Each structure stands twice: as C-alpha cells, then as structure tokens.
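Remarks on the structure that follows.
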Amino acid sequence: MRVVFFDLEDWQPDYLRAKIQQRALEQHIHAQFLSDHLSPDACAPFADADAIVVFIWTKVNRAVIESLPKLRLVLTMSTGYDHIDIEACRERGITVCNVPHYGENTVAEHTFALILSLSRKLQAAYFQALRGDYRIRELRGFDLYGKTLGVVGAGNIGLHVIRIARGFGMRVLAYDARPQPLLAEVLGFAYTDLPTLLRESDIVSLHVPARPETHHLINRETLGMMKRGALLINTARGSVVDTEALLWALDEGILAGAGLDVIEGEEFITEESALLKMPLAEQTLKQVVQAQLLLKRENVVFTPHIAFNSCEAVQRILDTTLDNLQAFVEGRPQNVVSA
C-alpha cells in the first residue's frame, strides 16, 4: 500500500518513520514524506497512491481525486475536513478519516490569549511602544471577572473555553444545536438562543465547524444584535464570519475589537511574490483587501491559523493520524467521516 504524506514540517518525516517502525507498519505500507501541498497539476507522480495524508493547506477537490485512480484512503491531519470534497470521495468509495480530538484545550487556551490581548489592550500597547508614544489612558482595559462570555458552539473546544471562563469568574451563556444539560449544571453555564446570547454577552467566542448552515453565521444582522462595545473571537473557521460585516461593526463601534485566528481569505495573507504566483481563479481581490484592512487595525488581534499549534497538540495529531492509518490497514477504519 503506497501512502504519501503531504504538508509536512522538516522534523515530521523522521518522527513518522520512527513511529511507523515501532508499529511494524512498514510491513504493510510504503510511505513517502513531502513538505509540498498536493495540487491537481502535480498529481501525476502519485497516480498509484493508495492513500494520501494531508493538512488543511492541501485541497482534496474533485480534480485531485480524479487524478488519483487507485486512491482508497484520505487521512487529514486536522479535525475539520472542509478542504476535502466528501461527496466526490463517497462516489469513489474512498474512506476519509480525521483527527477529532487532539487540541481542545490547546485551542481554548489560544482563545483566551486573544481575549486577554483585547481586554488588556496588549496590541494597542505594542503599537504605542513601537512609536514611543505612550498614552496610558487609552490603554485602560477591563476585568474579565463578572463579565458574560457567549460561546457559540459548545462542543469539545467550546466546553474547554467555558471551563476556563468559569475559572476567571465569568458568567457563561452557550448556544449549541445539541445542548447537554448535565454538563451545563456541572460547569455552571446556561444554554440560550443565539439572539439572547448576542444581546447579553460582553465577549462572543465562536467554536462551530464550517458547514453550509454556519456560513456567515455572524453577519450584519447578527452583529447588529450584539451588545455595543463587545468583543468577537473566532478560532473556528473564517467562513463563519462575514468579513465585510465585521469591518462595518468595527467602524460603527458595535464591536470594540476582534480576536481572529481565522478569517476569510486567510490563504491570501502571504508574501506578495507567492500571491502573484497563484492562479487567477484562486485570487479574490475583495477578500485580499478586506483581510489587509483588518490586519491594520489596532483593535484587531490576528494570528495566522495557529490556535491548534502547540508542540503537544501537533504530536497528538501525528499519533492519531498513524492510529487511523493502522486501523485502516487492519480492516477496522476509525474516525471515519466518509466511507
């Protein structure tokens, strides 16, 4: 079975080789390790691959799938799988597996890094320091204690965020399609509807997956429901927030700030030379401009999709990916999102 790993960091091939040897998987697979992303025009050398392993940077679209006639397995080194054409895989009988649990606490901790950066105006203080222009009154922040945090999506990550928030002494409201009353009682939070959450929360944190029903869940209408001067935090997916509406809410003072680990068009935030090499069809000028407008604001804290990116979490991703590979080889696929 030929397995090709893409999107790897420099140290990861050695780590994976050692783990494959420990598991005696080399008896069943021939593995190739690459740092490159896989694209439709680069599939020819991998036409005989039985399995590919990718991160979110590789888009496993229909063109890629059709270029790999022997493909039986797609392993993504992520929880989200919106970069994979699930329907095209299903039509071909290709199994798709993800890593459902690896960084709940990791992303939750990063969420609070963004919250604290805004609540204590660390970004603005940094810019003042660069200018040598200190205006202390403009850097006055606020306590989290006693404030209301609204968590949109109280799944594995959202529940960790709630646990941390309660440690800060915050009141927590949650909106989720599948409420768990027992957990709400144990952790000390309350479920409510989305409009109520938006109206009452001082900080709104997003933890929902990228799905058609969550596309632009936060838009001009829902932003207009928010408490004036609230903060918005997004460590979920860029498509959940309408960037144009977000800029409007910041300009109007509806939002006092935003902490963003993901935004629409984040793939275009790159060196100009790399951007110029992108095929024209992949460029969305509007998204590029909007992203750059957001990055220039002192009340917007942006991190480039790194909420998951701790040493421990990345190692757990690799280990679970190998668990998924081994389970498939042994005829008992696990963490299957499409089969």
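Things worth noting here:
- Hull volume in cubic angstrom per residue (convex hull over the Cα atoms of region 1-136): 164
- Here is what passes the span test in the chain: the DSSP H helices with alpha carbon length of 24 Å or more along the helix axis and a Kyte-Doolittle mean of -0.5 or above are 311-329.
- Along the chain, counting only chymotrypsin sites (Phe, Trp or Tyr not before Pro) with a DSSP assignment other than H, G, I, E or B and at most 11 other Cβ atoms inside a 10 Å radius, the longest segment between sites is 146-339.
- With the charge dipole of the chain set up from +1 on Lys and Arg Cβ and -1 on Asp and Glu Cβ about the Cα centre, the Cα lying farthest toward the positive end among the listed residues Leu217, Leu71, Pro100 is that of Leu217.
- Residue-span extension gain [Glu252 to Met1] - 0.36 nm each, minus C-alpha spacing: 84.7 nm
- Using the Cβ of Ser35 as centre and a radius below 12 Å, the other residues enclosed give a net charge of -4, where K and R count +1 and D and E count -1.
- Counting all C-alpha pairs of region 104-302, share separated by more than 24 Å (%): 40
- Counting only the Cα atoms, region 144-197 fills a convex hull of 65 Å³ per residue.
- With a threshold of 29 Å on the Cα-Cα distance, the over-threshold entries among Lys147/Lys286; Lys19/Lys59; Lys59/Lys286; Lys227/Lys296; Lys121/Lys227 are Lys147/Lys286.
- Karplus-derived 3J(HN,Hα), 6.51/-1.76/1.60, for each residue of region 221-230, Hz, glycine and proline x: 5, 6, 5, x, 7, 6, 4, 4, x, 6
- When you restrict to C-alpha pairs under 8 Å that are six or more residues apart and normalise by the size of the chain, the relative contact order lands at 16 percent.
- Taking 0.36 nm per residue of sequence separation and removing the Cα-Cα distance, the Lys286/His215 pair yields an extension gain of 23.8 nm.
- Environment charge of Asp48, counting only residues whose C-beta is closer than 12 Å and scoring Lys/Arg +1, Asp/Glu -1: +2
- With N the number of residues in the chain, Rg(Cα) / (2.2 N^0.38 Å) evaluates to 1.07.
- Gain on full stretching of the segment that runs from Trp57 to Arg137 - 0.36 nm per residue minus C-alpha separation: 24.6 nm
- Dividing the Cα radius of gyration of region 154-254 by its Kirkwood radius returns 0.95 for Rg/Rh.
- Secondary structure note: in the chain, about 5% of the DSSP beta bridges are antiparallel.
- Formal net charge of residues neighbouring Asp202 (Cβ-Cβ distance under 12 Å; K, R +1; D, E -1): +3
- Estimated purely from DSSP H runs of n ≥ 4, each contributing -39500 (n - 2.57), the mean residue ellipticity at 222 nm for the chain is -10500 deg cm²/dmol once divided by its residues.
- Cα centre as origin, Lys/Arg/Asp/Glu Cβ charges: the chain dipole, Debye: 840
- Computed label-point distance, nm, for sites Glu66 and Leu293 using a 7 Å Cα→Cβ extension: 3.7
- 16 Å reach of a label modelled at His101, 7 Å along Cα-to-Cβ, counting backbone N of region 307-339: 313, 316-321, 323-324, 334-336
Just so you know, all these numbers are worked out from the coordinates, no wet-lab data involved. All figures in this text were calculated on a predicted structure; none of them were measured in a lab. Here Cβ is always computed from backbone atoms with ideal geometry, including for glycine, and neighbour counts include all displayed protein chains.
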